[in-house]
Amino acid sequence: MNRFSRWINDHLGEIVYGGIDGCVTTFAVVAGAEGAGLSSSIVIILGFANLIADGFSMSVGAYLSSKSEKQRYHKEKRKEYREIEEVPEDEIEEVREIFTDLGFEGKLLEDVVLKITENEDRWVDVMMKHELEMIEEKKASSLIGLSTFVSFITFGVIPLLTYVYAMAWEVEMDRFLISSLLTALAFVAIGWMKSFVTKTSRVQGVLETLGLGALAALLAFFAGDILEQILLT
């Protein structure tokens, strides 16, 4: 597996959710502008401003969330080491309770407890997973934020491509219709990838993502239409 393939595999979750958010928010801007009857130049300006600002905001949020979870994990881990040093009998009893709940009993239970508590690192690892239900995030927070940003921009720019092309080459076309079709294809691709993250069927992943995008577009379009009638007439 090459480096790019490994990056895709490791960060598929960020790619999917960054892509969904990018596509939904940018297409909502396009649909709202169309509903308000704004010009293509305004659509492009609003679309790209939203794309950059929201993409940056979402990536920063993903980075800070990941960093905060890592800090919390290591704080709790230090606490567990301290408790093992200060109140070992209480911590041994907690291990015994954990494995009793898992169905261990008698001599096998005591052997398991002894084996786990003979090594502090193993002991703490068990407490983190079973008592606190915390698993350490191995991915770098910076790469989580970067993956989110790249996916947001990559998929979020799709609804704007038709407008940019038509304006740059002065081509007459139904820009909103073509933009809608391209965005629908993007949602299909994202929904297909989403099914790998959520472990659901491909059809379910595609339909859910398409439905979300269509709902966001309809709401934005009619909001733009209503506001245009109220404010510009």
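Could you check the range 113-145 and list, in sequence order, the residues that are hydroxyl-bearing (Ser, Thr, Tyr) and more than 12 Å from residue 96 (Cα to Cα)? So that I can check it myself, show each step before the final result.
So the first thing to find is which residues in the range 113-145 are hydroxyl-bearing (Ser, Thr, Tyr), and the list is 117, 141-142.
If the condition is that a residue be hydroxyl-bearing (Ser, Thr, Tyr) and more than 12 Å from residue 96 (Cα to Cα), then 141, 142 are the ones that fit.
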Looking only at residues in the range 93-119 that are of a type in the set (A, V, I, L, M) and farther than 15 Å from residue 132 by Cα, which one is nearest to the chain's Cα centre (by Cα)?
102
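Picking from 133, 89, 137, which residue would you name as being charged (D, E, K, R), exposed (fewer than 12 other Cβ atoms within 10 Å of the Cβ) and closer than 24 Å to residue 12 by Cβ?
Details: 89 fails: closer than 24 Å to residue 12 by Cβ; 137 fails: exposed (fewer than 12 other Cβ atoms within 10 Å of the Cβ).
Just a single option satisfies the conditions, and that option is 133.
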Given the criteria within 26 Å of residue 68 (Cβ to Cβ) and among the acidic types (Asp, Glu), does residue 125 qualify?
yes
Neighbours by Cβ (under 7 Å, 6+ apart or cross-chain): first from the range 35-52, free of Cβ contacts under 8 Å to residues at least 12 places away in the same chain; second of a type in the set (A, V, I, L, M):
42/33
Taking helices (runs of 4 or more DSSP H) that fall entirely within the range 127-233, which contain at least 2 residues that are within 30 Å of residue 79 (Cα to Cα) and in contact (Cβ under 8 Å) with a residue 60 or more places away in the chain?
141-156
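Quick note: the coordinates plus some simple rules give every number you see, no bench work behind them. Note that the structure is a prediction, hence the values are computed from the model and not measured. Note: ideal-geometry Cβ built from the backbone for every residue, glycine included; neighbour counts use all protein chains shown.
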